1. Please arrange 113, 80, 180 by counting, for each residue, the other beta carbons lying within 10 Å of its beta carbon, fewest first.
2. Excluding residue 68 itself, calculate the net charge of residues whose Cβ lies under 14 Å from the Cβ of residue 68, where each Lys or Arg counts +1 and each Asp or Glu counts -1.
3. Take 181, 65 and order them by how many other Cβ atoms sit within 10 Å, fewest up front.
4. Once the other residues with Cβ under 12 Å from the Cβ of residue 198 are scored (Lys, Arg +1; Asp, Glu -1), what is the net sum?
Amino acid sequence: MYIIVVGGGKVGFYLSKTLLAEGYEVLLIERNNHKVDYFNEQLGAVAMAGDGAEASVLKKAGAGRADVVIAVTGEDEDNLVVCQMAKLAFNVGKTIARVNNPRNEPIFRALGLDVTVSHTAHIMSIIEQAIPKSPMIHLLNLQHPDMAIVDLKIGADSPVVGSDMGDIQLPPDCIIAAVLRGPDLIIPSDTTELLEGDDVIAIAHAAQEDALRRLLV
């Protein structure tokens with residue numbers, strides 16, 4: 001697998017180093033010539049100087065045969081251009097973009113990027129799980145902007161306490177995928193009884209999250 005990484009900051013450097021250690025063919029594109037020299041000293045001849053947002057640079061890097069292009073510069077605009085260029089001009093199968101401002105994530109997804117990575121969003125997710133203020137925690141946003149995986153804890157006053165899954169009418173476009181009960185992971189069936197304190201992992205449409213919370217919490 002051939003992977004092009006655009007952006008030679010700490011993220012790009014250590015990502016390239018890790019990918020190389022895993023046996024992937026990697027090319028790191030960085031504008032700063034001094035950094036390129038350093039990367040080639042540290043990693044071997046795997047870095048080239050240039051602006052990864054330019055089609056000529058991606059062509060020189062062999063984007064036409066790349067399996068994945070990963071843009072991790074410090075500028076969201078550059079990362080967006082790199083990934084769009086890779087998909088539209090070179091038909092790269094998978095593009096991954098670093099998103100520095102989490103407000104830009106929906107825009108990136110709407111414009112067709114395959115995967116977005118927001119450090120801010122990940123840190124916020126960790127904080128929410130470590131110090132939950134809400135009984136509903138977003139575990140993962142799916143590629144479809146209207147769908148998410150959420151973790152809900154069954155409350156004492158929930159109308160579903162003591163009910164079997166087969167008897168519970170979930171909101172439309174909601175599925176309970178797993179139940180965590182202490183150390184046990186339960187893949188629910190129609191006869192699975194929900195108990196107070198159960199952690200329920202559900203896949204939900206964004207429009208139905210409130211209804212799901214009211215039912216289970």
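1. Fewest to most other Cβ atoms nearby, the residues stand as 180, 80, 113.
2. Within the 14 Å Cβ shell, the charges total 0.
3. Least crowded to most crowded, the residues run 65, 181.
4. Summing Lys/Arg as +1 and Asp/Glu as -1 gives -3.
No lab work stands behind these numbers, since they all come straight from the coordinates. Worth saying up front: this structure is predicted, and the values here are computed from it rather than measured. Backbone-built Cβ (ideal geometry, glycine too); neighbour counts: all protein chains shown.
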